[in-house]
1. Could you tell me the convex hull volume per residue, in Å³, taken over the Cα atoms of segment B:1-81?
2. Using Cα centres only, tell me the gap between segment B:64-102 and segment B:115-190 in whole Å.
3. Looking at segment B:18-127, which GluC sites (Glu not before Pro) are in a loop (DSSP not H, G, I, E or B) and have at most 12 other Cβ atoms within 10 Å?
4. Among A:LEU36, A:ALA53, A:ALA97, whose Cα projects farthest towards the positive end of the dipole of chain A, with charges put on the beta-carbon of Lys, Arg (+1) and Asp, Glu (-1)?
5. Bin by bin, in steps of 10 Å, what percent of the Cα pairs in chain B do you find, going until the bin that has the longest distance?
6. Report the extension gain between B:MET1 and B:VAL146 in nm, rounded to one decimal, defined as 0.36 nm multiplied by the number of residues separating them, less their alpha carbon distance.
7. How long, wide and thick is the protein assembly as shown, going by the Cα atoms along their three principal axes, in whole angstroms, largest first?
8. Given a 1.4 angstrom probe, I'd like the percentage of the accessible area of chain B that is carbon and sulfur, rounded to a whole number.
Amino acid sequence: MSLQDYLLLAAALFSVGLFGALSQQSIVMIMMGLELMINAVLVGSAAFWYFAAPDRPDGQVVVVLAVTAMAIEMAVGFAVTTAVFRARDVDMTDMAADLRG
Amino acid sequence: MCPVWREIVFWLCAAGAVASGIVVFRVDSMARATFALLASFLFGAGTILLVELTYLGILVVLMMIMEMVIMVVFMVMYMMNPAGLMPMSMLHNQKGSLAIAGGTFAVLAAGVYLVDWPTSRAPRPEQPVYSLGEALMGSKMLVMIVLGLALFATIVATVVLATHRGRYDRYGDRLDRDRPDDPVRGGVGR
């Protein structure tokens, strides 16, 4: 159990979440990918606090920040999904690609 | 807990977190995916508990249970394959995503082992939650204030987005219509 082990776990969680966010069609499943990526931030910052700077509370503050970001992401994500679905009967990203460059 | 046990528990939690994270994008049912994500969060919280952050670990456990139980309702609402009656692939551009995710993991893992990470010999606080509370109410109070504002903005934004027809739809952008423009007659005041 070292900082490297924790960061490796965080890297793995982040990559799995990235795969989900890129590959899923459903908007709500993309949010699951984003949540997994924030989970990686939780694990990483907790490890940084413990191994690199336990005498300062900064790492813990980052964990609080990430947990809040997760709650906000879920609430706004579902609100946007509901608004898009209500306006156009769409719940998949490929059907809402108006801004494609 | 003795170091050997901590090591074993850490690797069990790490393997569980990554495995259930992968399961999220493998199962057919989006409700099952939500509970797999919950399992991943609980294993992740296990690793946070191992570094003596009891309060934050328990916070993640409780919050994620609630969040995922709410999430599963929305997942059932937007399910792509309800009751297995509409079998379809939920993925697009799978190869590209896999390559990007694999590449990201390779880069991050290389960074993990190549960078000379700092270590600290500073004594760990007896009660980490005490120093967290002191920081949030003292030197890091700006963080707490911004979080509060962001949460309030979230409340407003979600209500605005979720409203089907608000007063601006009914009374015009300047709220100067005498009679509301409603698709159905009736209601209060009409």
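The values are calculated or read from the model by the stated rules, or taken from the named source; none is laboratory data. Since the structure is predicted, the reported quantities are computational estimates derived from the model, not experimental observations. Don't worry about glycine lacking a Cβ; one is built from the backbone with ideal geometry, like all the others, and counts go over all protein chains shown. The protein model used for the area step is the full one, side chains on, heavy atoms only, and it has no ligands, DNA or RNA in it. Shrake-Rupley method; radii C 1.70, N 1.55, O 1.52, S 1.80 Å.
1. Details: hull volume 5.3 nm³, N = 81.
Roughly 65 Å³ of hull volume per residue.
2. So the separation of the two Cα centres works out to 26 Å.
3. Values: sites: B:GLU52, B:GLU67, B:GLU126; in loops: B:GLU52, B:GLU126.
Filter output for segment B:18-127: B:GLU126.
4. Checking the options against the dipole of chain A, the answer is A:ALA97.
5. Going out from 0 Å in 10 Å bins, chain B shows 7, 17, 26, 25, 14, 7, 3, 0 percent.
6. On the way: separation 145, 0.36 × 145 = 52.20 nm, distance 3.76 nm.
Extending this stretch completely gives an extra 48.4 nm.
7. Principal axes ranked by extent give 73, 48, 36 Å for the Cα atoms.
8. Details: 8280 of 12140 Å².
So the carbon and sulfur contribution to the accessible surface is 68 percent.
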